[in-house]
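Just so it is clear, none of the values below were taken in a lab; they were calculated from the coordinates. Computed from a prediction, not measured in an experiment: that's the story for all the values here. Cβ coordinates were reconstructed from backbone atoms using ideal geometry, including for glycine residues, and neighbour counts include every protein chain displayed.
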Amino acid sequence: MGRGIFAIEGEWHSDLRQGLSFRPIVELLSKMDNRISFVHRDAATREELFYYLDKWTQKRYSRYPILYLGYHGVEECILIGDGRCRDRQLSLTELGKQLEGRCSQRIIYLGSCETMKMDGRKLKAFLRQTGALAVCGYREQVNMLRSAAFELLLFHALLQNTLTIQGARATERNIQRDEKPLCRDLGFRMVVRTAS
């Protein structure tokens, strides 16, 4: 049985006629390797995001161990909505509380600019709180085309390794070695949980 990606996507533009979406990335992965499946949902509000996060952590979705959060971001936060809402920033601390203890054998990918630009101790605390194997994303502002190309490579690598600390570390080593220029340009960072 294959494994998959649970993708939740926010608003990229306030103009709803703009059809930008990362859905084609997960569709392409699924078409290239029929063992890879995906769930894709749009979540423009905090409530919608939390609803889908609660779904993702249910046992019935355990075959989708990679969480792909596609949002705009700033340092230590993802940005929800189109910019007009007051409660737009969702910190990793708040995200950790929402996912507390429910991410065993799962990996969280933050597809947002600058969210991973933070102290490594906070990221390790996030992993301890959620129980996730790893969290990864970008420390820099990223070009969407370059990040889309990188994400194809990253997700394929993540889904080829075991969902263990050793498997996550192997993925980190391999992606940093094989895609070094892209990792550097995008400010890619992956933090793997330490064995407890």
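Can you sort 191, 26 by how many other beta carbons sit within 10 Å, fewest first?
Final ranking by Cβ density, sparse to dense: 191, 26.
Any idea what the relative contact order of the range 127-191 is, in percent, if you count C-alpha pairs under 8 Å spaced at least 6 apart?
The normalised contact order for the range 127-191 reaches 52 percent.
Using θ = phi - 60° and the Karplus curve 6.51 cos²θ - 1.76 cosθ + 1.60, what whole-Hz ³J(HN,Hα) does each residue of the range 58-74 get, with Gly and Pro shown as x?
6, 4, 4, 10, 5, 7, 10, x, 9, 9, 10, 9, x, 9, 5, x, 9
So what is the relative contact order of the chain, in percent, for Cα pairs below 8 Å that sit 6 or more residues apart?
Once normalised by length, the contact order is 20 percent.
Using Cα Rg over 2.2 N^0.38 Å as the read-out, say which of [x] 1.29; [y] 0.94; [z] 1.12 was calculated from these coordinates.
[y]
By how many nm would the segment from residue 184 to residue 54 grow when fully extended, if each residue of separation counts as 0.36 nm and the alpha-carbon distance is taken off?
Full extension of this stretch gives 43.5 nm more.
Taking the alpha-carbon distance from residue 122 and a cut-off under 19 Å, which lysines remain once sequence neighbours fewer than 8 residues away in the same chain are dropped?
Reachable lysines: 97.
With the cut-off at 1.5 for a/c, could you classify the range 32-104 from its C-alpha gyration tensor as rounded, prolate or oblate?
Since a/c reaches 1.5 and a/b is larger than b/c, the shape of the range 32-104 is classed as prolate.
Which ³J(HN,Hα) values, rounded to whole Hz and listed in residue order, are derived for the range 155-160 from phi using the Karplus coefficients 6.51, -1.76 and 1.60 in 6.51 cos²θ - 1.76 cosθ + 1.60 with θ = phi - 60°, glycine and proline given as x?
My calculation for the range 155-160 gives 5, 4, 5, 4, 7, 8 Hz in order.
Using 0.36 nm per residue, how much length does the chain from residue 121 to residue 46 gain when fully extended, once their Cα-Cα distance is taken away?
This chain segment gains 24.5 nm when fully extended.
Once you have the Cα-Cα distance between residue 156 and residue 75, take 0.36 nm times their residue separation minus that, and quote the gain in nm to one decimal.
Contour length minus the Cα-Cα distance gives 26.5 nm.
With each pseudo-label sitting 7 Å past Cα toward Cβ, what's the residue 174-residue 31 distance in nm, one decimal?
For residue 174 paired with residue 31, the spin-label model returns 2.4 nm.
Might you report the magnitude of the Cβ-based charge dipole of the chain about its Cα centre, with Lys and Arg at +1 and Asp and Glu at -1, to the nearest 20 debye?
Using Cβ point charges on Lys, Arg, Asp and Glu, the chain gives about 740 debye.
Taking other Cβ within 10 Å of each residue's Cβ, how do 163, 133 sort, fewest first?
Lowest count first: 163, 133.
Just want the ordering: 64, 51, from fewest to most Cβ atoms lying within 10 Å of their own Cβ.
51, 64
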